[in-house]
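Visitor: Sharing a structure with you now.
The values are calculated or read from the model by the stated rules, or taken from the named source; none is laboratory data. None of the values given here were measured: they were computed from a predicted structure. In this analysis, Cβ positions are derived from the backbone assuming ideal geometry, glycine residues included, and neighbour counts consider all displayed protein chains. When the accessible area is computed, the model is the full protein with side chains, heavy atoms only, and any ligands, DNA or RNA have been set aside. Shrake-Rupley method; radii C 1.70, N 1.55, O 1.52, S 1.80 Å.
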Amino acid sequence: MQNFWRSKTKVTLLFLVLLGALVFLPLVSKLGYYRDDWHVAWAGYTRGPQQIFDQHLTDRPFMGLLYAGTYMLLGDRPISWHLYSVGMKIVGAAIFYWMGTLIWPRRQYLAGVSAALFLVFPGFLQLPTASAYSNHMVGLNMGLLSLALSLKLPGIPEQRKGLRVLMTLVAMASALVCYLIMEWMIGLELARGALLLAFGQVDTRSWRQRLKIALARWLPNILAFGAFLVWRVFFFESARSVIDVGALGQSYLAQPAAMIPRLFAETLQDLFETLILSWSVPLYNTTHAVEPVQFFVSLAFGLVAGGLSLVYVRRLHYKNPDSAFFPQTQRREMQLVLLVGLAWVLFTITPVVLANRSVEFENTFDRYTLAAAPGVVLAWVAAVSLVMDARANRILFVGMVVISAMTHYNNAVFFQRFWETQRQVWWQLAWRAPDFEDHTVLTALLPKEYRLAESYEIWGPANIIYRPDGGELKLTGEVLNQDTLLPMLSGDSFGRTFRRIPMTIDFSNLVVMSLPGEGACLHVFDGSYPEVSDREDAWIHEIADVSRVDMIRTEESGKLPPLQIFGPEPAHNWCYFYQKASLARQKGDWQEVARLGDEARARGLQPVDLVEWMPFYFSYSKLGRYDDANQISADLRLNQNLIESLCAEYERHDPPDGYSIRNLCEAN
């Protein structure tokens, strides 16, 4: 055991595992699928791994192969993907630690500090989208492994030719795997050149000699990289314009006056954001609006992570001399690390900007900081070591870990709530709608902070629940936004192909749903007499009229979401009774609606959104239970805006029940 604690490598690896677990695992069991996860989850669950591979033939076929293979191992449960992604993150930090020991062979503590900062780097917050971004983790890890092997190679004796050849081949292969998974990480190849020039030398030489040797050692990887570029540019045809080299080239040729200045300006801006703002903007974005309790819980996690880091640096006898007392050779070494770190960031950001993308911390575009993160860490560690004494150096390191842990915890809370919101949508829809007619188009508007961005976030889970046997995609979906509102209102119909999946979108078969948030239930609107709460978004007020509730097959046996994906069925609270009552109302079973209302009231349940009383109000009126109906109408009149909105809608449509409407509206 004593030998373990004396080994800096073993202590560092244990520290990285503990730090990764502390930062990324507290809420992992409460996370699910998000964004780009959904079309792959649908493909695997309904059609199998082959469909996952087929979907990626349009842009990244090798990633599709990796994705399909990983799915065969991990299956459908979100928790498996989350643990896998966290594992890949820790593995990447371990590889980066090894690289750091090759950069600082006499200062392993700096390698450990760098690996820890890379592990918890807060500029990338998409790890909870675990299925989709696990591939990014694997790609980056392969790239880092390739760079580490290139740095290790000069230290292998010349007489061990077999090992040198093997390491060269593995470095080439792992780099190719990286670029085949994520082509925008090609900037790592230029980072290799900078690393070989600065550190890939076993003794001191002139810069001309160093350049010559670096190029000779870089040559095998340059050839492999060149082969990749030839395949990507001249042979592979991408169906996505953002990674279609030919289409990008044409845009630069067509608009050079606009594109070239943008390239320089955006590169400098992204360089600044990635280097300087990664520890501040994400922290602000994830904490500025949280409740005090959540803030203090995140602070507690941050302080524990910081304490663990402090124990680590003290265990390794962290002694960093003041910069003023650095031997000149050591200062030059740190200056080299700083320059290489800056170059690394520049090289990895530029391909992103060339592809007409940019780093943005407000959305998923923060993923473009991922390949740059190692360079950011190298630059920070070198700069801090040059200008701060040992105590300040240690305080800053611990502070950066605290900030990172707080950011990741609050980010996980956001994704936890996002997943619970999605779970509520699909479980409540399953209670409300036993099945749908083929060619139904679903649209769902979630609370503002959890708005869906892509159509497959709707049709993916919908088909997992209602059409799990695969085959033709007969339930489709579309997000509701400013661009889709008019086609929906017009009842447009058109064909679309997504990743080799053909589908027909017929908005004349639209079913409109909304989850207003703040405790309200899922609302599935009936266009014949839409009951729209004053809590709803303006888009819902515009589009509820065209919702086809008759596309719901009310006589079918209910289909429940698969537990391995959506988790256990939520408790049967008010929303369960509301959804079941809405279904019974659609079927004209007023006795069942009243029974459900009686049971809910007996349990002391009541709605947050008063519009959810309407099925029970009409059932009591139709059954002659006027006292119960009047009690509900009295509650409804507490919200005059709602009453006016409902009565205006009833006047425009054939009222569902004359007495009920008069009792509700004429008294006003």
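Visitor: Say we look at the range 342-388 and pick out the residues that are of a type in the set (A, V, I, L, M) and assigned to a loop (DSSP other than H, G, I, E, B); which of these is farthest from the chain's Cα centre (by Cα)?
Guide: Restricting to residues being of a type in the set (A, V, I, L, M) and assigned to a loop (DSSP other than H, G, I, E, B), the top hit is MET388.
Visitor: Sticking with this structure for a sec: If you go through the range 605-619 one residue at a time, do you hit one that is open to solvent by less than 60 Å² (accessible area, probe 1.4 Å), in contact with a Gly (Cβ under 6 Å, 6 or more places away or on another chain) and in a helix (DSSP H, G or I)?
Guide: yes
Visitor: Yes or no: the range 331-351 includes at least one residue that is among the charged types (D, E, K, R), at pLDDT below 90 and surrounded by fewer than 16 Cβ atoms within 10 Å (Cβ to Cβ).
Guide: Scanning the range 331-351 turns up at least one residue that is among the charged types (D, E, K, R), at pLDDT below 90 and surrounded by fewer than 16 Cβ atoms within 10 Å (Cβ to Cβ).
Visitor: What are the residue pairs meeting all of these: first residue in the range 173-184, first residue of a type in the set (S, T, N, Q), second residue open to solvent by 30 Å² or more (accessible area, probe 1.4 Å), Cβ atoms under 6 Å, and 6 or more apart or on different chains?
Guide: Listed by first residue and then by second, the contacts come to SER174/MET142; SER174/LEU145.
Visitor: I'd like to check something: does the range 262-281 contain any residue that is open to solvent by 40 Å² or more (accessible area, probe 1.4 Å) and at pLDDT below 85?
Guide: yes
Visitor: What's the total number of residues in the range 433-443 that are open to solvent by 10 Å² or more (accessible area, probe 1.4 Å) and not in a loop (DSSP other than H, G, I, E, B)?
Guide: Qualifying residue count, the range 433-443: 0.
Okay, residues lined up against (1) at pLDDT 95 or above; (2) open to solvent by 30 Å² or more (accessible area, probe 1.4 Å):
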{"position": "TYR67", "(1), (2)": "yes, no"}
{"position": "VAL86", "(1), (2)": "yes, no"}
{"position": "TRP98", "(1), (2)": "yes, yes"}
{"position": "ARG107", "(1), (2)": "no, no"}
{"position": "SER131", "(1), (2)": "yes, no"}
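Visitor: Moving to a separate point now. Just to be sure I understand, how many residues within the range 145-165 are without any contact (Cβ under 8 Å) to a residue 60 or more places away in the chain and assigned to a helix (DSSP H, G or I)?
Guide: Residues in the range 145-165 being without any contact (Cβ under 8 Å) to a residue 60 or more places away in the chain and assigned to a helix (DSSP H, G or I): 12 in total.
Visitor: Can you find a residue that is of a type in the set (A, V, I, L, M, F, W, C), in a loop (DSSP other than H, G, I, E, B) and within 41 Å of the chain's Cα centre (by Cα) anywhere in the range 194-216?
Guide: No, because not a single residue in the range 194-216 is of a type in the set (A, V, I, L, M, F, W, C), in a loop (DSSP other than H, G, I, E, B) and within 41 Å of the chain's Cα centre (by Cα).
Visitor: When you go through GLU183, GLU189 one by one, which is the residue that is at pLDDT below 95 and of a type in the set (Asp, Glu)?
Guide: GLU183
Visitor: Filter the range 509-558 down to the residues that are surrounded by fewer than 20 Cβ atoms within 10 Å (Cβ to Cβ) and under 27 Å from the mean Cα position of the chain (by Cα), then identify the one that is farthest from PHE418 (Cα to Cα).
Guide: Step by step, filter the range 509-558, then rank; the result is TRP539.
Visitor: Same structure again: Taking GLY112 and the conditions (1) open to solvent by 20 Å² or more (accessible area, probe 1.4 Å); (2) in contact (Cβ under 8 Å) with a residue 12 or more places away in the chain; (3) under 28 Å from GLY193 (Cα atoms), which numbered condition does it fall short on, given that it satisfies the others?
Guide: All conditions pass for GLY112, except number (1).
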